[in-house]
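Visitor: The structure follows.
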Amino acid sequence: MENGTRGESEAGTSQDVVMSHGHGHGHEPAAPASARVRRLVVGLLLPLVALTVVGAALLYPWGGHAAAGKPVDGPTVTEHGVVTKVVASDCGGGGGAKQCEAITVQLDNRQNITEPMPVEPSTPRFTVGDKVVLGYNGGDPNDPASYQLLDFQRGFPLALLGVLFAAAVLILGRMQGLKALGALVLTFVVIVLFVLPAMIAGKDPLSVGIVGAALIMFLVLYLTHGLSARTSTAVVGTLVSLGLIGVLGWLFSVVADLTGLDEDTANLITVLGHGIDARGLLLAGIVIGSVGVLDDVTVTQTSAVWELRRANPKLGWRELYAAGLRIGRDHMSSSVNTLVMAYAGAGLPLLLAYSASGRGLTDLLTAETVAQEIVRTLVGSIGLVASVPITTVLAALIARQEKVGPPEVDPPEVPAPEAPEPETVAPVRRKRVNPDDMPTERFEAVGRPRPQRPPEDRQQATDAPRRQRPERPRRQPPSEQHTQVAPRRGQLPSTPPRRQPPPGQARRLPPPPELPGGHPSAPPELRSRPYPPPGASAEEPPRH
């Protein structure tokens, strides 16, 4: 019973992480790896690093390029200019139907060159104001025959597009975007300084492609995602998948009798000589073209497994592998489609040409040029699919050995304190005031004397027992015959009405008593009257 509960909780945790992870490609700051994990990663990575370094040292052309200095068909020096005049002219073919245009170009040194250009669908159309590039074959600089109109100038638009691309990456990615741009620069450095010189020197293109792709992986992944066990796992998975792509590409190129001699490759071999392996160029292109997609998949799978491990440290490597594989299926389907569409878009003119030729579907698919693109697409897709289980099982084995802390959870939401209910203020009851306690100024303000009592009357009034209020009947418990309704919240219980005088009689206050003239509180006109001697009886003033 406990095993079943634990399995359900682990599966639920895995599904929650799978749904919340998505296709993220970034690494969070990695925790320090344990000594056991470091030994495992170094044991896997060190042989691959050694093979890459040794291969780069053996394949690099230390003695220079074997094809350096060979003549290349066409002009080798270029000049820049601006089209100033375009005039329709005769091509000089003796009245044929072919039409030409005489294009006048002003070079940067203010020299004017007029070049005839045939008007054909395969030739570009130039207009006045176009910035163009001309080739100079080394003849007489003043002879128009020494120049050839080649192409448009595209330096400024491409530079502007590059600036916009860099700005977009930096605005969105910030520091991570800066690392990505640095990795892109390193990729071009490896291709320009190692891959191309080694191939021109006659080295095996497939070996050069695999070693160059490995160098790109080491530089790009560690620069972008940092030096950690997680990144090292992604590097190992990528390199293993690249090796698989190279082996499958070589095998099926031999079985399908692919020579790699399409039109562009044939022209290149004509220029550089017979030391270039056309089939190797095809395989190197397959390997290098798959690097970017493999990077995306392996980094995603490694991050997913590490997050699963952090969310539930009790998961074994089999549970981690199964949950990571579920994430990889979704990513794999979209990545394969991306790879196929990329190759189809690159070979769209070729597909259009073969479709318009009227050949059958079988002949179209088995043609040399189309078959090369099919092998390139399918071999790259197989390597991409294989990278998912390879990287996932490596990540599960390594992440299981790493010690992780408790999962990071968001703090619980604290409910806002409720507003206190307004306190019910009881009504203030008027207190009866004894006239003896009232200040004299209140009577003087209305011209009336303050009533006073003799000392003996005051003592008698003080000693007299106070009038006791009748006790209210106690509240009886509710019964079936009689139920008392409790007052609502915020209301006071009802009080009996005040006692009213009988009808026809008004409530009157007694007149103030007349005090003897000798009393200090008497008015001045009454002070002449003698005060009653001690022991004499005086009328008791009425009480209020």
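Laboratory data are not the source of any read-out in this text; all were calculated from the coordinates shown. Here the structure is a predicted model, which is why all the values come from computation and not from measurement. Neighbour counts are summed over all protein chains in view; Cβ atoms, including those assigned to glycine, are modelled from backbone coordinates with ideal geometry.
Visitor: Suppose the chain between Gln401 and Arg174 were pulled fully straight at 0.36 nm per residue; how much longer would it get relative to their current alpha carbon spacing?
Guide: 78.4 nm
Visitor: Okay, next question. Can you put Lys179, Lys85, Lys203 in order, fewest other beta carbons within 10 Å first?
Guide: Lys85, Lys179, Lys203
Visitor: What ranking do 160-171, 331-342 get when scored by the average of other Cβ atoms within 10 Å per residue, highest first?
Guide: Descending packing order for the listed peptides: 331-342, 160-171.
Visitor: With an 8 Å cut-off on Cα pairs and a minimum separation of 6 or more residues, tell me the relative contact order of the stretch 77-154 in percent.
Guide: It comes to 33 percent, rounded to a whole number.
Visitor: Taking the highest mean first, how do the peptides 363-375, 134-146 order by number of other beta carbon atoms within 10 angstrom per residue?
Guide: Highest-to-lowest ranking by the protection proxy: 363-375, 134-146.
Visitor: Next question, about the same structure. Assuming R0 = 45 Å, can you tell me the calculated FRET efficiency for the pair Thr369 and Arg36, based on Cβ-Cβ distance, to the nearest 0.05?
Guide: 0.30
Visitor: Another one. In nm, to one decimal, how far is the Arg110 label point from the Leu251 one, both placed 7 Å along Cα→Cβ?
Guide: 6.9
Visitor: A follow-up question, please. If r is the Cβ-Cβ distance from Asp204 to Gln153 and R0 is 45 Å, what FRET efficiency results, to the nearest 0.05?
Guide: Result of the calculation: an efficiency of 0.75.
Visitor: Mind ordering 350-361, 249-260 by average Cβ neighbours within 10 Å, highest first?
Guide: 249-260, 350-361
Visitor: Taking amide H atoms as placed 1.01 Å from N in the peptide plane, list the residues 5 or more away in sequence, or in a different chain, whose amide H sits under 5 Å from that of Cys100.
Guide: Correct list: Ser89, Cys91, Val119.
Visitor: Using the Cα centre of the stretch 77-154 as origin and beta-carbon charges of +1 (Lys, Arg) and -1 (Asp, Glu), tell me which of Gln148, Asn137, His80 is placed farthest towards the positive end of the dipole.
Guide: Farthest towards the positive pole: His80.
Visitor: At a Förster radius of 45 Å, what calculated FRET efficiency corresponds to the Cβ-Cβ distance of Val53 and Ala88, to the nearest 0.05?
Guide: 0.15
Visitor: Going by how many other beta carbons lie within 10 Å of each one, how would you line up Val211, Val385, Val271, fewest first?
Guide: So the ranking, lowest neighbour count to highest, is Val271, Val385, Val211.
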